[in-house]
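Structure, as structure tokens:
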Amino acid sequence: MQEKITSFAKTLGFDLIGFTSAKVSGKPVAFYRKWLKEKKNANMQYLEKISPRKNLKEILPNAKTVIVLGMNYFYKQNPLKKGYGRIARYAYGRDYHKIIGKKLKELEKFIHELSPNAETKSYVDTGPVLERSLAEQAGLGVIGKNSCLITKEFGSWVFLGEIITNLKLKTKAKYPKRFSICGTCTRCIDACPTHAIAASGAIDSHRCISYLTIENKGKIPKEFHSAIKKTGRIFGCDICQEVCPHNCRATICHPELACTRRGVSGSTKIAGDQISLKKILEIKSDEEFLKLFAGSPLMRAKRKGLRRNVLEMKK
């Protein structure tokens, strides 16, 4: 059954597949608890639900195994043009939650066909699970100082998804030493323009450009205006990944991760790797914004948030 699940997952486009126990290692839970206690989640209150993160049986009562899947999303970016703002790589095309979520549902259906009594629950970066820690346990990679999962195949340019199941499958239980893949390297810490990465590997969301330009719903503190203007980042930030030596292994991603609307194949973009600042400011209504960016991760920031980011760059 495990071989069949792995084989079918690959036909769906998943690059990495691993299996681990539904029991989460205590060290990642302790690290996460400390991160929350220090309020480094900023205003992301949805991250404060810690109980199911340490006990997956609160999500699926008979949970025994977690199938962890990874999908490469790297593509090369063009040099940033004058008057344009940089978009994080993950937001180039259609929202990955929708693409990968659909694939996970297909895999769940396949599992139920193999085992009618199977119970499953899937997530793509949305559920109360420590997905990078589960991926580490499953042997997909090792968490680095920039808090990303670093894989030997693709570096850190990997989307993660997981299926929690009651099936008892052969699992790996790897607990590598934190940052063992990084050695003495501190490039991500040194390169972060807002000093958001601590030596402990904890990300202070209050200072992170990704948080400030996407999840943050208020004004961007003045102390970060110059960093955003200098880096040109108007939606998300990849700097800590771009400087990581392990990302020299990156290869071009599946075309569907850069496609436009549902059912359209190829590499047609929605947001692309950069957008004209003038174009953003010329959008007059939420309806017009929706028409331009429907299906894109940019919808997370909404027109109001993206406009705010552009205005901060122009100060």
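Throughout, read-outs are computed from the coordinates displayed, never taken from laboratory work. A quick note: this is a predicted structure, and the numbers were derived from the prediction, not measured. Using ideal geometry, Cβ is built from the backbone for each residue, glycine included, and neighbour counts are taken over all protein chains shown.
Results, tabulated for the structure shown:
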quantity	calculated
Gained length - Glu106 relative to Thr11, 0.36 nm times residue gap less alpha-carbon distance	33.1 nm
Lys217 paired with Glu58, simple spin-label distance in nm, labels 7 Å along Cα-to-beta-carbon	2.3
Amide N of segment 220-255 lying under 18 Å from the label point, which is placed 7 angstrom from the Cα of Cys185 along Cα→Cβ	238-252
Semi-axis lengths (Å, descending) of the ellipsoid that matches the C-alpha gyration tensor of segment 187-314	26, 22, 11
Within the chain: Cβ-based charge dipole about Cα centre, in debye rounded to nearest 20 (Lys, Arg +1; Asp, Glu -1)	780
Centre separation in Å (Cα based) which lies between segment 11-32 and segment 123-138	5
Nearest-0.05 FRET efficiency for His254 and Ser276, computed from C-beta distance (R0 25 Å)	0.40
Estimated [θ] at 222 nm from DSSP helical runs (n ≥ 4, -39500 (n - 2.57)) normalised by residues in the chain, nearest 500	-8000 deg cm²/dmol
Folded to 0 to 90 degrees: helix 302-314 orientation relative to the chain principal axis, Cα	50
Orientation-averaged projected area, Cα convex hull of the chain (nm²)	15.8
For q = 0.12, 0.20, 0.26 Å⁻¹, Debye-computed log10 I/I(0) when each Cα of segment 28-94 counts as one equal scatterer	-0.62, -0.97, -1.08
